[in-house]
1. Can you find, within the stretch 1-30, the residue that is nearest to ARG75 (Cα to Cα) among those that are crowded, with 21+ Cβ neighbours inside 10 Å and among the aromatic types (Phe, Trp, Tyr)?
2. Select from the stretch 116-145 the residues that are in contact (Cβ under 8 Å) with a residue 40 or more places away in the chain and among the small types (Gly, Ala, Ser) and write down the one among them that is surrounded by the most Cβ atoms within 10 Å (Cβ to Cβ).
3. Just to be sure, is GLU114 at pLDDT 85 or above and touching a Phe, Trp or Tyr at 6+ places or on another chain (Cβ under 6 Å)?
4. Just to be sure, is THR79 surrounded by fewer than 18 Cβ atoms within 10 Å (Cβ to Cβ), modelled with pLDDT under 90, farther than 26 Å from LEU164 by Cβ and not hydrophobic (A, V, I, L, M, F, W, C)?
5. In the stretch 95-111, is there at least one residue being buried (at least 21 other Cβ atoms within 10 Å of the Cβ) and within 25 Å of GLU143 (Cα to Cα)?
6. For the stretch 53-67, check the following and say yes or no: at least one residue is modelled with pLDDT of 90 or more, aromatic (Phe, Trp, Tyr) and within 30 Å of LEU164 (Cα to Cα).
7. Can you tell which of ALA70, ALA91 is at pLDDT 90 or above and surrounded by 16 or more Cβ atoms within 10 Å (Cβ to Cβ)?
Amino acid sequence: MPPRRRPLWLVAALCVLSTGVYVPLWFGLSWAELRRETANERMQPAWHALSIFVPGYGSWQVYQHFATIAVALDRVGSTLKIDALSATIGALLWYLTWFHYSAEPIFALLNAGELLAGTAVVVYGQRALNEYWRARPGPAVEERMLETDWVAIAAAAAFFVAILFSYASTPTN
């Protein structure tokens, strides 16, 4: 599959509606695109996405992911700069609170912060990738939506509604 520029609203919506499940998926999908672009067979997208959950190592992987994007942007002479450390800190915030879902008000606030951090990291990375795909030599890379994107939005929206329903219907003792 050729690379594509994903609309920023799409990646943001998928992050929010999936309550953060899209974050590691984005890491895998974008790593696959970078692998094809660099022809580096050592880049393993599925393992890269799963490694995000390994404490410590996942943060290193996020840093490497964004450093790879930064190098690509530099190579094409883009004026857009990204900071791998900032992205890593955002991903760390997402990771630290992701497994702490609860209907308690304090956890609802933590969950919202987690969701904001994960969404910000993905939008930050996708914005940089979109710039790279726009600036790189070769055939133009269009910003486009696929049919699977619409299916993913619908599934994520159904999941989000189910999560909201579970919060609203949680019995209080």
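The values are calculated or read from the model by the stated rules, or taken from the named source; none is laboratory data. This is a predicted model, so every value here is computed, not measured. Please note: Cβ atoms are built from the backbone with ideal geometry, for glycine as well, and neighbour counts cover all protein chains shown.
1. Of everything passing the filter in the stretch 1-30, PHE27 is nearest to ARG75 (Cα to Cα).
2. Step one: of the stretch 116-145, the residues in contact (Cβ under 8 Å) with a residue 40 or more places away in the chain are 118-119, 121-137, 141-145.
Still in the list and also among the small types (Gly, Ala, Ser): 118, 125, 128, 135.
Numbers: GLY118: 27, GLY125: 23, ALA128: 21, ALA135: 16.
Here the residue is GLY118.
3. Here the answer is yes, as GLU114 does meet what is asked.
4. On the way: surrounded by fewer than 18 Cβ atoms within 10 Å (Cβ to Cβ): yes; modelled with pLDDT under 90: no; farther than 26 Å from LEU164 by Cβ: yes; not hydrophobic (A, V, I, L, M, F, W, C): yes.
So THR79 does not fit the description; no.
5. Scanning the stretch 95-111 turns up no residue that is buried (at least 21 other Cβ atoms within 10 Å of the Cβ) and within 25 Å of GLU143 (Cα to Cα).
6. No.
7. Values: ALA91 fails: at pLDDT 90 or above.
Result of the check over ALA70, ALA91: ALA70.
This table checks each residue for (1) closer than 24 Å to GLU33 by Cα; (2) in contact with a Cys (Cβ under 7 Å, 6 or more places away or on another chain).
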site	(1), (2)
PHE107	no, no
THR119	yes, yes
VAL123	yes, no
LEU129	yes, no
GLU142	yes, no
ALA152	yes, no
PHE160	no, no
